[in-house]
Amino acid sequence: MKTWPSLIAMFFEQAETLGEKPFLWAKKDGTYQSINWRESVEIISGLARGLKSLGINPGDRVMLCSENRPPGPLAHLGIMAAGGITVPAYTTNTVNDHAHILANSGAKGVIVSSKALAKNLVPAAHQTGDVKFIISVDELDLSQSPGPDIHTWEEIVEKGKSEPDNLAEYIASVTREDTAIIIYTSGTGGAPKGVVLPHRAIIHNCRGACDAIGELGLDDEIFLSFLPLSHSYEYTAGVCFPIFIGAQVYFSEGIEHLSKNMGEAKPTIMTAVPRLYELMHARITKGVKAAGGLKEKLFMKAVKLGTKKYEDPASLGFGEKITDAIVDKLVRDKVRGNFGGHLKVLVSGGAPLNAEIGIFFTALGLRLLQGYGQTESAPVISVNRPGLVKMESVGSPIFETEVKIAEDGEILVRGDLLMTGYWQNEDATNEVIKDGWLHTGDVGLMDNDSYIQITDRKKDIIVNSGGDNLSPQRVEGFLTLEPEISQAMVYGDKKPHIVALIVPDEEF
């Protein structure tokens with residue numbers, strides 16, 4: 001399997017081969033328009049040299065805050081080619097969130113995509129003394145004031161094109177162990193920590209993903225990107241993996257336009273979080289019930305027979321096989337068409353997927369594979385294989401990844417996919433990486449096929465006053481399957497019984 005010493009070397013080599021082929025697609029004047037690989041090289045090279053002229057040296061951090069649009073990945077690669085380290089920021093961050101990450105990372109510069117995102121980022125940049133410049137893709141209409149210098153993206157890219165082109169020599173010197181990116185955790189367990197990911201960790205993930213779904217035949221794939229680019233899941237699966245296999249990436253206009261964008265992009269691979277599949281499940285079943293009559297009967301027959309096939313492919317009788325072929329044409333073909341008609345695989349990750357939701361989509365003729373990972377592992381640890389899908393599991397470890405279950409049930413991981421550590425936080429690093437093993441904090445078990453089943457988070461297990469160990473995630477999963485319930489949180493540690501806080505479904 002092909003590999004490279006660094007992500008930036010990988011990009012330039014792929015671009016050399018793919019040249020005029022489309023790479024990134026985004027809406028402009030109501031239609032999708034592309035940037036090809038050669039044009040991307042010109043922008044990345046110009047940006048990298050422009051950043052160097054602004055004082056970016058190897059190892060300097062540059063914060064990036066962008067919606068899902070081409071400047072996001074182009075900025076990542078431009079920062080990397082200049083020797084800098086990207087620090088992605090969520091578009092939903094507050095001024096204080098941005099200020100914490102800027103101060104903690106010691107970022108020297110900021111790239112922001114739009115005026116809306118600059119509202120919270122620019123004040124945060126003014127609060128820290130380290131930020132020397134702000135580059136904005138869209139015009140900000142801000143007058144220069146004391147603080148960081150403000151430049152436009154176009155200005156820096158054009159300026160860079162007239163600077164000496166010495167990128168090739170630097171790129172050739174980048175090693176597998178050098179830092180590719182610092183991704184900050186969400187901060188649910190305290191202040192956000194910077195996860196330092198070297199090139200080897202992300203390339204290891206790309207090779208693992210290629211190995212896992214390679215049996216489907218990877219050739220001129222199309223991705224539809226809509227998860228936040230600041231999340232490790234989308235960064236690896238939606239940016240780096242497409243580069244690894246030379247794919248095209250379409251950027252969605254947002255979740256509210258996702259159905260329309262699927263029809264336009266006709267993706268072959270899509271990655272999403274369980275919440276999206278839950279929303280789709282609710283919308284589809286609600287629409288079918290509203291239609292009623294023959295349409296509802298055919299749909300329910302397709303789900304019933306598809307579920308039976310999933311549970312035991314040999315279980316359909318002669319008459320059922322004929323009925324199954326009919327509903328495949330009348331129901332499943334329409335469902336597949338709503339997803340663009342070319343999907344090879346849907347991948348679910350980022351949180352636990354309820355098995356019933358996964359089986360529902362499988363029964364409707366869509367291949368859905370659940371995976372598992374953490375930012376600290378770049379992020380993919382395991383994934384179901386197309387030839388063996390177990391919806392109650394998160395699949396088997398990816399290529400060249402070791403997983404074992406500790407005595408207390410905790411899932412431990414070892415391999416090239418692991419982070420270098422948390423940025424300037426040795427104590428926190430030593431808490432999670434011990435003797436080369438990442439302690440995930442997740443509790444689970446492995447079956448005879450090495451498929452992992454996650455039962456809970458180690459710190460979330462409820463022990464009631466009767467001594468019973470209860471998994472809140474499992475109960476929450478059952479509750480949120482009900483159409484009346486949007487969200488649920490179970491509580492009851494050291495109590496005689498458990499209770500749940502329930503958020504009703506607004507539409508229902």
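The values are calculated or read from the model by the stated rules, or taken from the named source; none is laboratory data. Quick caveat: nothing in here was measured; it's all calculated off a predicted structure. Heads up, the Cβs are rebuilt from the backbone with ideal geometry, glycines too, and the neighbour counts pull from every protein chain shown. SASA here: full protein model, heavy atoms, side chains in, ligands and nucleic acids out. Shrake-Rupley method; radii C 1.70, N 1.55, O 1.52, S 1.80 Å.
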Residue that is surrounded by the most Cβ atoms within 10 Å (Cβ to Cβ) [pool: residues in the stretch 427-476 that are within 23 Å of A212 (Cα to Cα) and of a type in the set (A, V, I, L, M)]: I452
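May I ask you to list the residues in the stretch 378-405 that are over 20 Å from the mean Cα position of the chain (by Cα) and open to solvent by 30 Å² or more (accessible area, probe 1.4 Å)?
Passing the criteria: G387, L388, V389, K390, E392, E400, E402, K404, I405.
Only one of K132, K115 is in contact (Cβ under 8 Å) with a residue 12 or more places away in the chain, open to solvent by 80 Å² or more (accessible area, probe 1.4 Å) and touching a Pro at 6+ places or on another chain (Cβ under 8 Å); which? If you could, list the steps in order and put the result at the bottom.
Details: K115 fails: touching a Pro at 6+ places or on another chain (Cβ under 8 Å).
Among K132, K115, only K132 is in contact (Cβ under 8 Å) with a residue 12 or more places away in the chain, open to solvent by 80 Å² or more (accessible area, probe 1.4 Å) and touching a Pro at 6+ places or on another chain (Cβ under 8 Å).
Applying the selection to the stretch 1-21, what residues are within 25 Å of S34 (Cα to Cα), of a type outside the set (A, V, I, L, M) and either in contact with a Gly (Cβ under 9 Å, 6 or more places away or on another chain) or not in a helix (DSSP H, G or I) (or both)? Break it down stepwise before answering.
Taking the stretch 1-21 as the starting set, the residues that turn out to be within 25 Å of S34 (Cα to Cα) are 7-21.
Retained after the next criterion (residues that are of a type outside the set (A, V, I, L, M)): 11-14, 16-17, 19-21.
Of everything in the stretch 1-21, those that are within 25 Å of S34 (Cα to Cα), of a type outside the set (A, V, I, L, M) and either in contact with a Gly (Cβ under 9 Å, 6 or more places away or on another chain) or not in a helix (DSSP H, G or I) (or both) turn out to be Q14, T17, G19, E20, K21.
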Qualifying positions in the stretch 217-257 - at pLDDT below 95, of a type in the set (A, V, I, L, M) and assigned to a helix (DSSP H, G or I): I255
Residue match in the stretch 47-58 (condition: surrounded by 20 or more Cβ atoms within 10 Å (Cβ to Cβ), among the hydroxyl-bearing types (S, T, Y) and at pLDDT 95 or above): no
Residue match in the stretch 84-97 (condition: in contact with a Cys (Cβ under 7 Å, 6 or more places away or on another chain) and either open to solvent by 10 Å² or more (accessible area, probe 1.4 Å) or not in a helix (DSSP H, G or I) (or both)): yes
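Out of the stretch 258-312, which residues are in a loop (DSSP other than H, G, I, E, B), more than 17 Å from A325 (Cα to Cα) and charged (D, E, K, R)? Walk me through it before giving the result.
The first filter runs over the stretch 258-312 and keeps only residues in a loop (DSSP other than H, G, I, E, B), leaving 266-268, 273, 292, 312.
With more than 17 Å from A325 (Cα to Cα) added as a condition, the list becomes 266-268, 273, 292.
Correct list: K266 only.
The rows are residues; the columns are (1) within 23 Å of the chain's Cα centre (by Cα); (2) under 22 Å from D178 (Cα atoms); (3) open to solvent by less than 30 Å² (accessible area, probe 1.4 Å).
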{"position": "K2", "(1), (2), (3)": "yes, yes, no"}
{"position": "P5", "(1), (2), (3)": "yes, yes, no"}
{"position": "F11", "(1), (2), (3)": "yes, yes, yes"}
{"position": "G19", "(1), (2), (3)": "no, no, yes"}
{"position": "L24", "(1), (2), (3)": "yes, no, yes"}
{"position": "K27", "(1), (2), (3)": "yes, no, no"}
{"position": "W37", "(1), (2), (3)": "yes, no, yes"}
Residue list for the stretch 423-437, restricted to those being closer than 25 Å to P352 by Cα and either of a type in the set (D, E) or under 20 Å from the mean Cα position of the chain (by Cα) (or both): E431
All positions within the stretch 451-480 that are at pLDDT 85 or above and not acidic (D, E): Y451, I452, Q453, I454, T455, V475, L479, T480
Residue count for the stretch 323-342, restricted to those that are aliphatic (A, V, I, L, M) and open to solvent by 40 Å² or more (accessible area, probe 1.4 Å): 3
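Residues are listed down the side, and each one gets a yes or a no for (1) in contact with a Pro (Cβ under 8 Å, 6 or more places away or on another chain); (2) among the acidic types (D, E); (3) surrounded by fewer than 18 Cβ atoms within 10 Å (Cβ to Cβ):
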position	(1), (2), (3)
I156	no, no, no
G160	no, no, no
E163	no, yes, yes
N166	no, no, yes
E169	no, yes, yes
T175	yes, no, yes
I181	yes, no, no
S186	yes, no, yes
K193	no, no, no
Test: residue in the stretch 24-39 that is more than 30 Å from E215 (Cα to Cα), out of contact with any Ser or Thr (no Cβ under 7 Å at 6 or more places or on another chain) and in a helix (DSSP H, G or I): yes
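Suppose the filter is more than 30 Å from I326 (Cβ to Cβ), of a type in the set (V, I, T), buried (at least 19 other Cβ atoms within 10 Å of the Cβ) and under 18 Å from the mean Cα position of the chain (by Cα); does I411 pass it?
Numbers: more than 30 Å from I326 (Cβ to Cβ): yes; of a type in the set (V, I, T): yes; buried (at least 19 other Cβ atoms within 10 Å of the Cβ): yes; under 18 Å from the mean Cα position of the chain (by Cα): no.
When the stated conditions are applied, I411 does not pass them.
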